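First comes the structure, then the notes that go with it.
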Amino acid sequence: MFKKFTKDDVHSRSNIKSSVQRGLKSKFVSQFEDLESAIDNIIPKKSQVILIKCEDKIQLYSVDEEVVLFQHFDELIPALKIVHKYPDCFPRVQVDRGAIKFVLSGANIMCPGLTSAGAKLPEENLDKETIVTIYAEGKEHALAIGKLTMSTAEIKSKNKGIGIELLHYLGDGLWHFNE
């Protein structure tokens, strides 16, 4: 999504009202319930949130010159820098070592990379379309954020095809984006 993202893709910037900011926070928490305790640190009450509209109907939300989340159509997705600060607030999966170089080049994640020896899927089933953070075997921090193309139960049973559509990864255009 952000593979070739640059400042040229930005159309407009505007401050959002505090009422819109409250709605944004509550929607973000409703999508990721574990964020409840951290949301006021991510988007402080008295801070000014800036909405940055970009190409392909992508909207970035920035606080203190740092993009904290982005929106694609109706879905709120955390920026990777926020995931690094609050890793326990988001559903997580783990890929094996062999998948790292592909993920860092922006490739979608195939099911075998999620079911092999070094990989881990959560015990509880995650539904199709769930936003997940992607960790790598032997690494401490998340290397990407993606959306499941099938439920984790289907990934385990089919074990072929694309399991996760990559949205944002270390080193992509959003990672290097500064206001």
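The values are calculated or read from the model by the stated rules, or taken from the named source; none is laboratory data. The shown structure was predicted, so the numbers you read here are calculated from the model rather than taken from an experiment. Neighbour counts run over all protein chains shown; Cβ positions are idealised from the backbone, glycine included. Quick note on the areas: whole protein, heavy atoms, side chains included, nothing else; ligands and nucleic acids left out. Shrake-Rupley method; radii C 1.70, N 1.55, O 1.52, S 1.80 Å.
Remarks
- Gaussian network model of the chain, Cα within-10 Å springs - most flexible of Asn41, Asn159, Asn108: Asn41
- Percent accessible area from carbon and sulfur atoms, the chain, protein chains only, probe 1.4 Å: 49
- Theoretical ellipticity at 222 nm over the chain - DSSP helices of four or more residues, -39500 (n - 2.57) apiece, nearest 500: -5000 deg cm²/dmol
- Size of charge dipole - the chain - debye, nearest 20, with Cβ of Lys, Arg +1 and Asp, Glu -1, no other charges: 220
- Compactness of the chain, expressed as Rg and Dmax over alpha-carbon positions, Å: 16.2, 48
- Look at the alpha carbon pairs under 8 Å that are at least 6 residues apart: their mean separation over the length of the stretch 13-99 gives a relative contact order of 23 percent.
- Amide proton proximity set for Val95, modelled H, under 5 Å, gap of 5+: Lys120, Tyr135, Ala136, Glu137
- Length-normalised contact order for the chain - Cα pairs under 8 Å, 6+ apart - percent: 21
- Separation of the stretch 1-58 and the stretch 155-169, taken as the distance between their Cα centroids, equals 26 angstrom.
- In sequence order, calculated HN-Hα J values of the stretch 154-171 (Karplus, 6.51, -1.76, 1.60; Hz; x Gly/Pro): 5, 4, 5, 7, 6, 6, 8, x, 7, x, 9, 8, 6, 10, 7, 9, 4, x
- Whole-number accessible area per residue in Å² for the stretch 1-120, which is evaluated in the context of all protein chains at 1.4 Å: 55
- Proximity of backbone amide H atoms, modeled 1.01 Å from N, is registered between Ala107 and no other residue at under 5 Å, excluding neighbours fewer than 5 places apart on the same chain.
- Once the Cα atoms are used to define both axes, helix 18-31 deviates from the longest principal axis of the chain by about 10 degrees.
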